[in-house]
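Have a look at the structure below before the remarks.
Only the coordinates and a few stated rules stand behind these numbers; no lab work does. Quantities reported herein were computed from a predicted structural model and do not represent experimental measurements. Positions of Cβ are generated from backbone atoms using ideal geometry, with glycine treated the same way; all protein chains shown enter the neighbour counts.
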Amino acid sequence: MRDEETLADLRVGADYQFGSGAGVALFPPGTPITIRRSSGGRPRQIIDGNVDDTPGSAEGDRIVSYATDGRFTLGELGGRRIRAAFDPPRHRVAVGDESEPFIREGRNAFAKFVVDADEGIRPGDEVLVVDDDDDLLGVGRAELSGAELAAFDSGVAVKVRVGVSDA
C-alpha cells in the first residue's frame with residue numbers, strides 16, 4: 001500500500017479515536033511524514049519529516065505509534081497537534097502546579113492533583129496532561145473516566161508515557 005493511501009487510512013482512524021479534524025491535525029497534507037512499518041508491513045510509528053531509516057540515523061519527532069489494537073498512542077508532537085486542534089477541556093486532564101515537574105519528567109499524574117478533566121474521557125483513552133494555562137506537560141493513558149478523574153482523591157489518574165520539557 002502506498003504511503004498516501006496509508007496516511008488517508010490513518011487520518012480516518014485518528015478522526016474516529018479523537019474526533020473530526022484530528023486526522024488532518026496529526027498528519028497535515030503536504031507535510032513530509034515517515035511511516036515505519038512492522039516486518040509484516042503494518043504501520044507502527046509515524047514520524048514527522050523525511051527520516052532516514054538506516055541504523056544510527058536521526059530519529060525525528062514521533063507523532064504517534066499505531067498499536068496492534070488499532071489505536072494511536074501519542075508522542076510529544078502528536079500531543080501538541082491534538083492540543084492545537086481541540087479547545088479545552090477536550091482530551092485534557094488539568095493538574096495543579098505541584099505536579100508539573102514530576103509529569104514533565106514522565107511520572108504518572110495522580111487523581112488528587114487533578115483540577116479539571118474532560119468529562120468525555122474513558123479509561124484507556126489517550127489524553128493530554130496540561131496545567132491551568134493549557135501548557136502541555138505530558139501525554140499518556142487515562143486510568144479513570146473524566147468524572148472519576150475530577151472526583152477521586154487517590155490513585156493514578158494518567159499513566160504518563162511522555163513528559164514534555166518546558167523548553
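DSSP beta bridges fully contained in the chain are about 90 percent antiparallel.
Count charges around G146 for me, please; just the other residues with Cβ under 13 Å from its Cβ, Lys/Arg as +1, Asp/Glu as -1. Summing Lys/Arg as +1 and Asp/Glu as -1 gives -3.
Projecting the Cα atoms of T68, L7, G41 onto the charge dipole of the chain (Cβ charges, centred on the Cα centre) puts G41 farthest toward the positive pole. Between the helical axis of 3-18 and the longest alpha-carbon principal axis of the chain there is an angle of about 20 degrees.
If you model the chain as an ellipsoid using its alpha carbon gyration tensor, with each semi-axis the square root of five times an eigenvalue, the axes come out at 29, 16, 14 Å, biggest first. Taking the Cβ of A8 as the centre, find all other residues whose Cβ is under 12 Å away and add up their charges (Lys, Arg: +1; Asp, Glu: -1). So the surrounding residues net to -3.
Could you point to the residue in I121, F110, Q17 farthest towards the positive end of the chain's charge dipole, with +1 and -1 charges on the Cβ of Lys/Arg and Asp/Glu respectively? Final value for the positive-end residue is Q17.
In the chain, helices alone account for a calculated mean residue ellipticity at 222 nm of -7000 deg cm²/dmol, with every DSSP H run of four or more residues adding -39,500 (n - 2.57). Going by the alpha-carbon gyration tensor, a ≥ b ≥ c the square roots of its eigenvalues, is segment 3-85 rounded (a/c under 1.5) or, if a/c is not under 1.5, prolate (a/b greater than b/c) versus oblate? Note, shape of segment 3-85 comes out prolate. For segment 66-106, the list of GluC sites (Glu not before Pro) that fall in a loop by DSSP and count at most 12 other C-beta atoms within 10 angstrom reads E105.
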